[in-house]
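None of the figures in this text is laboratory data; all of them are computed from the coordinates on show. Since we're looking at a predicted model, the values are computed, not measured. Positions of Cβ are backbone-derived with ideal geometry, glycine not excepted, and every protein chain shown enters the neighbour counts.
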Amino acid sequence: MQVSQAAPWLDILGCRVHRVDMPTTLEIINQFILERRPRHVITLNAEIIYTALQNPELQQVINQADLVTPDGAGVVWAARFLGCPLQERVTGIDLMVALSRMAAEEGWRVFLLGARPGVAGKAANNLETSFPGLQVVGTQHGYFAEYETDAILTAIREKQPDLLFVALGAPYQEFWIRRYLIDCKVPVAVGVGGSLDVLAGEVARAPEIFIRLNLEWLYRLFQEPKRWRRQLALPRFVFQVFRQKYRSS
């Protein structure tokens, strides 16, 4: 499947973002798994787009990914402002939950990589409880040394998962997937940021009202005030989107 044909994309500050909603995303990933060729899926937010503006290597990784979904209110706003409105966000955690439900139905095997020791195991237990029949065939925490990578890749290959969820934090997880995707021999690898912490019950997700109002970022700032420096990227992102629109008009 050529995703560029199945799902048109738009350019936001030099990053390709596919114009997909959740059902279309699931349909595309289902096809990826059927094709059995290693594919990289990125859920992209405004902060990472702004980082990529100053990091050509990261921008290249994003633009070479097989599917890039719009994760975050900033991306949805930018798409609308640039004249290419999106139907909805497709966030890392929402996509992971939807794919886990689908994996239970389709018999797909799942591997969880990332977060602190013990977190991936808790997330696996909670997912298997939520979705009876789900096969989480392996877990691995994200606090491993470089010399341990080969052993981890071997473990992933031996478990033969259909889906690999990588929660090493963005953008590091994107570089990791890009580097080791072929070695993993997994049909689909998805970067999911802090999703394992939420699914393990270690971190509370924003209440539904915050999610509906696209204010999840604000709730996370309440939870972790030290994130305020990272949030400075958002007004800078908005400024650059204004520049993109009016420079091209």
In Å, what Rg and Dmax follow from the Cα atoms of the stretch 3-199?
15.8, 47
Set of aspartates and glutamates near Lys122 by C-alpha distance (under 19 Å), chain-local residues within fewer than 8 positions excluded
Asp94, Asp197, Glu202
So for the pair Arg247, Tyr172, with labels modelled 7 Å out along Cα→Cβ, what separation do we get in nm?
3.1 nm
Assigned charges on the beta-carbon of Lys, Arg, Asp, Glu; the stretch 3-199 dipole about Cα centre (debye)
100 debye
Quick check: the distance between the Cα centres of the stretch 163-180 and the stretch 125-156, to the nearest angstrom?
13 Å
Multiplying the sequence separation of Asp11 and Ala155 by 0.36 nm and subtracting their Cα-Cα distance, what value in nm do you get?
48.1 nm
